[in-house]
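Have a look at the structure below before the remarks.
The values are calculated or read from the model by the stated rules, or taken from the named source; none is laboratory data. What you see is a predicted model; the values in this text were computed from it and never measured. In this analysis, Cβ positions are derived from the backbone assuming ideal geometry, glycine residues included, and neighbour counts consider all displayed protein chains. For accessibility, only protein heavy atoms count, side chains too; no ligands or nucleic acids. Shrake-Rupley method; radii C 1.70, N 1.55, O 1.52, S 1.80 Å.
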Amino acid sequence: MQLHWHRRDLRAADNRGLATAAEAGPVLAVFVFDDDVLAHAAPPRVRFMLDALAELRAWYRDHGSDLVVAHGDPREVLPDLAEEYGVDRVVWNKDYTGLARERDAAVRQALDDAGVAREVVHDAIHHEPGSITTNAGDPYSVYTYFWKKWRTHEKADPYEPPTAEQLVDASDLDTRELPTIGELGFEEPEADVQAAGTEAARDLLAAFCEDGIYRYGEDRDYPTKDATSRLSPHMKFGTIGVREVYEATEQAKRALDVDAGTEDDGEKESEGEGDDEKPDELESIEEFQSQLAWREFYTHVLFFNPEVVSQNYKEYEHDIEWHNDPEELQAWKEGETGYPIVDAGMRQLKQEAFMHNRVRMIVASFLTKDLLIDWREGYAHFCEYLADHDTANDNGGWQWAASTGTDAQPYFRIFNPMTQGERYDAEAEYIKEYVPELRDVTANTIHEWHEITDLERERVAPDYPHPIVDHSERREEALSMYKQARGDDEDD
Ligand SMILES: Cc1cc2nc3c(=O)[nH]c(=O)nc-3n(C[C@H](O)[C@H](O)[C@H](O)COP(=O)(O)OP(=O)(O)OC[C@H]3O[C@@H](n4cnc5c(N)ncnc54)[C@H](O)[C@@H]3O)c2cc1C
């Protein structure tokens, strides 16, 4: 018998580890609740994970098998299960964070000591760390070069889920109940967390590939345009496989060829218009694929630099002298900064355990460059509230915004939160959705919130705060903070 250990791969289809185990078959699936891993979890993610596990278990049961649920240290649980069920080999998919790698090394050792064979395969990303490198064999620190190679590397096809015949008949096994969120020591999340599971992921992917993917390039930066996939928690927990997602994007390209072909034939007879649309739509799909590649880029960065979880990737001459004002940090967390787009984003985070990418960039820039607060505070807060928190992506995003990461935004490029709001939420629809105090205020006034008088602010929205800082002043302070860290003063 083969044992497949599910971790961040809560699906049956397009699961390389599971397919590998099933090939040798029959395979029994297990999930282990590990307190060391749960110590880094937060209610939205635990909710999402439990729902995904319930769906996965139902899938196994529909196929005459089951998902074994265990709680404990995998170094003990897995050898014990191997003995209890007479397992020949344990198979699992690799995880690339520093902590996961340490844990996996210990589990491998424990299985070796117990004389149980094991196989660890690569599944969560298309191209493993070390497979996309500079010509000198080094990992890339600049995304553009990484992307150029990533896009031309061949991608595997999705893996088939195991058949009922390849699964262990679990009718006589004590597979144990799934715990409740309370039994795992977590409260129900306050946020309305999006639906978990492979079915939900596939629905999102199908809907996105019908429509959003073709306007992604143009619309992805606008939070009200609903032009992104919302797949991020699914990518994090592996409720859908990367090959399946990629295949759907390639299918969207093929659909374009078919449509364009039909259109072209017609157009040739008429005015020959319509050809212009094809490159835009194709570019749009590639823009989306490029985001999938960002995820892999950051996974590689974290793999080769596990210390970035707590340290700047980029060395500055001196430490950055963050100001770290606790009241300003609190105002940011609560969405009470008096900068409408920032507050809308921070409130979306609490309400939905999600925030639109453009707004993540704005709030992260505001924390680090307007409030001059250490990116690690922002990262910790995101970690507590995001359903899609992913060490590699979250860290990459924060360090980019703080100008401390790979390929980071230059320290002197500082987002103006008012202009960003005006550009990406011109009608203030997104802002009004999450900041009810501003619902009766015109978009113009919202975008001028920092410029109008206190009296005017109190008149139009008495319950919404005045800006807690002056952006222009803070911009200057940020520049000198970074210059000092760079040692620029000494050079003068
Ligand atoms: C400060 C900050 C923190 C972030 N924290 C996270 C995080 O914890 N988890 C997370 O998955 N993403 C994070 N991102 C990246 C990005 O904001 C989210 O992936 C995206 O908003 C998720 O929405 P979506 O699934 O609709 O994305 P889509 O635009 O539909 O993108 C598809 C997928 O590509 C990947 N992706 C997209 N953008 C990025 C990116 N910039 N970097 C890496 N991968 C990307 C994600 O897996 C995403 O689901 C962060 C960005 C910033 C600026």
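Beyond 27 Å, how much of the Cα-Cα pair distribution for segment 130-261 remains, as a whole percent?
Values: 3771 of 8646 pairs.
So the pairs more than 27 Å apart make up 44 percent of the total in segment 130-261.
Using only alpha carbon pairs under 8 Å that are at least six residues apart, calculate the relative contact order of the chain and give it in whole percent. Please list the in-between numbers first.
Values: 785 pairs, mean separation 84.1, N = 492.
Once divided by the residue count of the chain, the mean separation gives 17 percent.
Of all beta bridges DSSP finds with both residues in the chain, what is the antiparallel percent, to the nearest 5?
On the way: 1 of 21 bridges.
Expressed as a percentage, antiparallel bridges in the chain total about 5.
Could you run the Karplus curve 6.51 cos²θ - 1.76 cosθ + 1.60 with θ = phi - 60° over segment 394-401 and give me ³J(HN,Hα) per residue in whole Hz, x for Gly and Pro?
5, 5, x, x, 5, 6, 4, 5
What number, rounded to the nearest 500 deg cm²/dmol, is the helix-based mean residue ellipticity at 222 nm of the chain, given -39500 (n - 2.57) per DSSP H run of at least four residues and division by all its residues? Before the final figure, lay out the partial values.
Details: 22 runs with 249 residues, N = 492.
For the chain, the value works out to -15500 deg cm²/dmol.
Translational diffusion coefficient, Stokes-Einstein: compute it for the chain using the Kirkwood radius over C-alpha pairs as Rh, at 4 °C and 1.567 mPa s, and state it as an integer in µm² s⁻¹.
Details: Rh = 24.6 Å.
Answer, rounded: 53 µm²/s.
Can you give me the C-alpha center-to-center distance between segment 304-329 and segment 1-25, rounded to a whole angstrom?
Answer, in whole Å: 39.
How big is segment 78-191 in terms of Cα radius of gyration and Dmax, in angstroms?
Rg and Dmax of segment 78-191, Cα atoms, are 19.6, 55 Å.
Translational D (Stokes-Einstein, µm²/s) of segment 2-124 at 10 °C and 1.306 mPa s when Rh comes from the Kirkwood sum over C-alpha pairs?
Values: Rh = 14.6 Å.
Here the translational diffusion coefficient equals 109 µm²/s.
To the nearest 20 Debye, how big is the dipole of the chain about its Cα centre, given +1 on the beta carbon of each Lys and Arg and -1 on that of each Asp and Glu?
On the way: 50 positive and 109 negative charges, 216 e Å.
Dipole about the Cα centre, nearest 20: 1040 debye.
Listed highest first by mean packing, meaning other Cβ atoms within 10 Å per residue, what order do 357-370, 382-395 come in? Could the numbers behind the result be given before it?
On the way: 357-370: 24.1, 382-395: 22.0.
My ranking of the peptides, most packed first, is 357-370, 382-395.
Rounded, prolate or oblate: which fits segment 172-249 when a ≥ b ≥ c are the square roots of the eigenvalues of the alpha-carbon gyration tensor, with rounded for a/c under 1.5 and prolate only if a/b beats b/c? Numbers along the way, then the final one.
Details: a/c = 3.69, a/b = 1.75, b/c = 2.11.
Note, shape of segment 172-249 comes out oblate.
Return the Rg/Rh ratio of segment 326-491 with Cα-based radii and a Kirkwood Rh. If you can, show how the numbers build up before the last one.
Working: Rg = 15.7 Å, Rh = 16.2 Å.
The Rg/Rh ratio comes out at 0.97.
Name the residue farthest towards the positive end of the dipole of the chain from the options Leu292, Phe304, Trp147, assuming +1 on Cβ of Lys and Arg, -1 on Cβ of Asp and Glu, about the Cα centre.
Phe304
Peptides 43-56, 132-145, 73-86: what's the order by average Cβ count within 10 Å, highest mean first?
Order by mean packing, descending: 43-56, 73-86, 132-145.
Could you please state how large a percent of the accessible area of the chain is carbon and sulfur, counting protein chains only and using a 1.4 Å probe? Provide the component values of the computation, followed by the final result.
Numbers: 9730 of 22220 Å².
On the chain, the fraction of accessible area on carbon and sulfur atoms equals 44 percent.
What residue among Leu349, Asn395, Phe366 has its Cα farthest toward the positive end of the dipole of segment 326-491, where the charges are +1 on Lys, Arg and -1 on Asp, Glu, each on the Cβ?
Positive-end residue among those listed: Asn395.
Please name whichever of Leu50, Val90, Leu28 sits farthest to the positive end of the charge dipole of segment 1-135, dipole taken about the Cα centre and charges placed at Cβ: Lys and Arg +1, Asp and Glu -1.
Leu50
What does the charge dipole of segment 40-102 about its Cα centre add up to, to the nearest 20 debye, if the Cβ of each Lys and Arg holds +1 and the Cβ of each Asp and Glu holds -1? Kindly include the intermediate steps, with their values, before the conclusion.
Details: 8 positive and 12 negative charges, 69 e Å.
My answer is approximately 340 debye.
Relative contact order, percent, of segment 11-168 when contacts are C-alpha pairs under 8 Å separated by at least 6 residues? Numbers along the way, then the final one.
Values: 175 pairs, mean separation 61.0, N = 158.
Here the relative contact order equals 39 percent.
Which value, in debye to the nearest 20, describes the size of the charge dipole of segment 326-491 about its Cα centre when Lys and Arg Cβ atoms bear +1, Asp and Glu Cβ atoms bear -1, and nothing else is charged?
Details: 17 positive and 35 negative charges, 82 e Å.
Around 400 debye, computed over segment 326-491.
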